[in-house]
1. When the range 42-56 is examined, which residues are found to be part of a helix (DSSP H, G or I) and either open to solvent by 50 Å² or more (accessible area, probe 1.4 Å) or in contact (Cβ under 8 Å) with a residue 12 or more places away in the chain (or both)?
2. Is there any pair linking a residue in the range 127-144 that is within 16 Å of residue 35 (Cα to Cα) and free of Cβ contacts under 8 Å to residues at least 40 places away in the same chain to one that is of a type in the set (Ser, Thr, Tyr) and surrounded by fewer than 21 Cβ atoms within 10 Å (Cβ to Cβ), with Cβ under 9 Å and at least six apart or on different chains, and which?
3. Considering only residues that are at pLDDT 80 or above, part of a loop (DSSP other than H, G, I, E, B) and surrounded by fewer than 17 Cβ atoms within 10 Å (Cβ to Cβ), which ones fall in the range 1-41?
4. For the range 93-137, which positions are crowded, with 20+ Cβ neighbours inside 10 Å and aromatic (Phe, Trp, Tyr)?
5. Inspect all residues belonging to the range 184-195 and state whether any of them is modelled with pLDDT under 95, among the aromatic types (Phe, Trp, Tyr), surrounded by 15 or more Cβ atoms within 10 Å (Cβ to Cβ) and closer than 30 Å to residue 15 by Cβ.
Amino acid sequence: MTTAPAAGPHPGISRAELRGRASGAGVMALFGLGWMACGVTDMPVTAGRVVLAVGAVVSVTFAVLGFRMGRRAADAPTEGEPTADRKKKAGLVFGLVVVAEWVAIYAIARVLVATDHTEAIPAFVAVVVGVHFFPLARLFGIRAYHLTGAAMCVAASAAAVLAPLTSTPALWTALPGFGSAAVLYATSVYLLRTPAGATLVG
């Protein structure tokens, strides 16, 4: 009687992919908490603190799970690992995307402040952050990032439409804040649980 070899932590995922997903999940959790803080801006103080505390627990949990996944990467197969040149190119492209994202955020914020529309800053920032996921989807081969980016843009658009329509200023922070946090937490779950090659779209 033979015994099948034990499967690794994530069969079919290379070491680099596993580490990338682990770090990605941690980053999503961190920024998810930041967006949660934006969402509670106009809430009553006590309620806001409770919601933010829940967000902190969720973020820490995902960060810990990401750290544990990263540690297990040592046991993952090395087949298909990118070359040093490819890693360098990917790092350069990633850096350019992030720089473009922050430059756009800064420029848009300056314009909104100058035109006395500071309430719209969170929504426009959410759009910029959402858009930056589209090139990352191609760069990292994670097609689900298209959904991440689109969902953040939808949350921001909802704020831009509903806040003026309902004359409810709190929606300018609540919708992009809680919406983006939920999207990033969901993406973190995807990165932690979905094997490489499985996608949410297409």
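The values are calculated or read from the model by the stated rules, or taken from the named source; none is laboratory data. No experiment lies behind these values; they were computed from the predicted model shown. Backbone-built Cβ (ideal geometry, glycine too); neighbour counts: all protein chains shown. These area figures cover heavy atoms from the full protein model, side chains too; ligands, DNA and RNA do not enter into them. Shrake-Rupley method; radii C 1.70, N 1.55, O 1.52, S 1.80 Å.
1. 45, 46, 49, 50, 51, 52, 53, 54, 55, 56
2. Partner pairs satisfying both residue conditions: 127/157.
3. Hit for the range 1-41 is 41, nothing else.
4. Once the filter is applied, which keeps residues that are crowded, with 20+ Cβ neighbours inside 10 Å and aromatic (Phe, Trp, Tyr), the range 93-137 yields 124, 133.
5. yes
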